[in-house]
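One structure below.
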Amino acid sequence: MQEDVITPAGDDIARTEAIIDGIALTRRRMASLHAEEARLLAAAADLAREQAARGDRTHPSSDIPLRSLAAQIAAATRASDRGVQARIGRAWQLTADFPATLRALEAGEVDPAHANVIVEAGMMIADPAVRAAYEEAALEVARREAPGRLRPIVRMLAQRLHPVPLDERHREARTARRLALRDGDDGMAELIAVLPATLAHAILDRLTQVARSVIDARTAGTGDEALFEDETLPGADHAAADTRSLDEVRADALADLLLTGHSSPEASNRSIPQSHAIRAHVQITVPLATLAGETDEPAELAGHGPIAPATARRLAGLASTWTRVQLDPVTQCVVAVDTYRPTAELRRLLEVRDEHCRFPGCRQPATRCDLDHTIAREHDGPTQLGNLAHLCRRHHVLKHHSAWRVRQRPGGVLEWTSPTGRVYPDTPARTVAFAPEPDPPPF
């Protein structure tokens, strides 16, 4: 069957290129202005310190000069003085501890979101030489990845360079786990759970599976297109239709599970599987030496970042199946995965390699994506590693019904070409999530 492909005309290409160039130039200018503002805010912090040093040291609030300066800036810019004071603190840390990131921001190589992610993850590193090595590696990734993809990578970089073992920090952090209730408007409230990352991700994944099973059941046999995340069912104006969005069903399932012990409310008890049949899927990558207890190299929770080695060992001990991943010693790209059946091996390998949708900047987990043939099966595309990749439904549809094109390069790299001819390579996360060894201190 012939696919409908939208191909831009020559004039459309020129106009599209002009728009893209204009937006890219504007973003670089905005990044440069953010860097300029950061320098000014850091200068305000320095001025406040000087004023505090000259002032009354007996005053119970030694940050009065900083509060005053923040209030002045806030009044001049119609902003909150508390927000301005927080921005002053972040700007000072950026300029004082992450000068290379500031220069990259000034040059428009990264945007403020990238800078915030790098500073947030690296602020735990106290040694200037180690922090500089972290910053260099983080910027290399930031120049080619979206902030959402950058975050778990730089977290792993920072964890590997942190002087205090992650197990020790995790034991202390676990004592902060809690539930909180925050009342809202219109009879609503927020229930907030602070939990270890592995448990929080597993809970969200299980609730998502429950919600999707409800949505799949209500759309079965209707001919409707599959729902995208947070969209409601077409034909929602039908009086008897279940029109809840994915978020709504997920929230309802949470309430049902906690209050009744199962996820089958009246609206969906004929379509949803029993809760015990739904298992959360969490992908954790742990070095073999860590698993054996020989080192304390952090393990990684896909989509989140580092987790404590002790947590990884405990989960590995409880796991019903293991997957051994073989990496290229130079590129760190996944090259093989042990399994019994060939088709299952290929699926496991691709899931570990991709981790998420392989369209540039997309973070949809691989477990919620389609496994797509880069060269379509009907065009004799082989079912093998070099012709398969995970794409979320949104980008799967885009690939087949627009002028976007993709081809696979060695090392799992996907090379995307936009309708106007711009090329965007997408590199597997596994190949960029390792840190360089910092130079030894000069003593």
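The values are calculated or read from the model by the stated rules, or taken from the named source; none is laboratory data. Note that the coordinates shown come from a computational prediction; the quantities given were computed from them, not determined experimentally. Note that each Cβ is placed from the backbone with ideal geometry, even for glycine, and that neighbours are counted across all protein chains shown. Note: areas computed on protein heavy atoms with side chains; ligands, DNA, RNA excluded. Shrake-Rupley method; radii C 1.70, N 1.55, O 1.52, S 1.80 Å.
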Given the criteria crowded, with 16+ Cβ neighbours inside 10 Å, within 21 Å of CYS333 (Cβ to Cβ) and out of contact with any Lys or Arg (no Cβ under 9 Å at 6 or more places or on another chain), does GLU351 qualify? yes
Right, ASP167: on the phi > 0 side of the Ramachandran plot and charged (D, E, K, R) or not? no
When segment 372-407 is examined, which residues are found to be of a type in the set (S, T, N, Q) and either in contact (Cβ under 8 Å) with a residue 60 or more places away in the chain or open to solvent by 40 Å² or more (accessible area, probe 1.4 Å) (or both)? THR383, GLN384, SER402
Is at least one residue of segment 54-69 in the same structural domain as ALA158 (by the TED database), of a type in the set (Asp, Glu) and at pLDDT 95 or above? no
Segment 314-330: number of residues that are crowded, with 17+ Cβ neighbours inside 10 Å and at pLDDT 70 or above: 1
Anything in segment 86-116 that is crowded, with 16+ Cβ neighbours inside 10 Å and part of a loop (DSSP other than H, G, I, E, B)? List them, or say none. PHE98, GLY108, VAL110, ASP111
Can you find a residue in segment 50-59 that is in contact with a helix residue (DSSP H, G or I) (Cβ under 6 Å, 6 or more places away or on another chain) and either charged (D, E, K, R) or surrounded by 20 or more Cβ atoms within 10 Å (Cβ to Cβ) (or both)? no
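To keep it simple, each residue is scored yes or no on (1) of a type in the set (Lys, Arg); (2) in the same structural domain as ARG143 (by the TED database); (3) farther than 24 Å from PRO287 by Cα.
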site: LEU346; (1), (2), (3): no, no, no
site: GLU351; (1), (2), (3): no, no, no
site: ARG363; (1), (2), (3): yes, no, no
site: ASP370; (1), (2), (3): no, no, yes
site: THR374; (1), (2), (3): no, no, yes
site: PRO382; (1), (2), (3): no, no, yes
Unmet requirement for ARG82, which otherwise passes all of (1) in contact (Cβ under 8 Å) with a residue 24 or more places away in the chain; (2) exposed (fewer than 13 other Cβ atoms within 10 Å of the Cβ): (1)
Within segment 159-181, count every residue that is surrounded by 14 or more Cβ atoms within 10 Å (Cβ to Cβ) and of a type in the set (Lys, Arg). 2
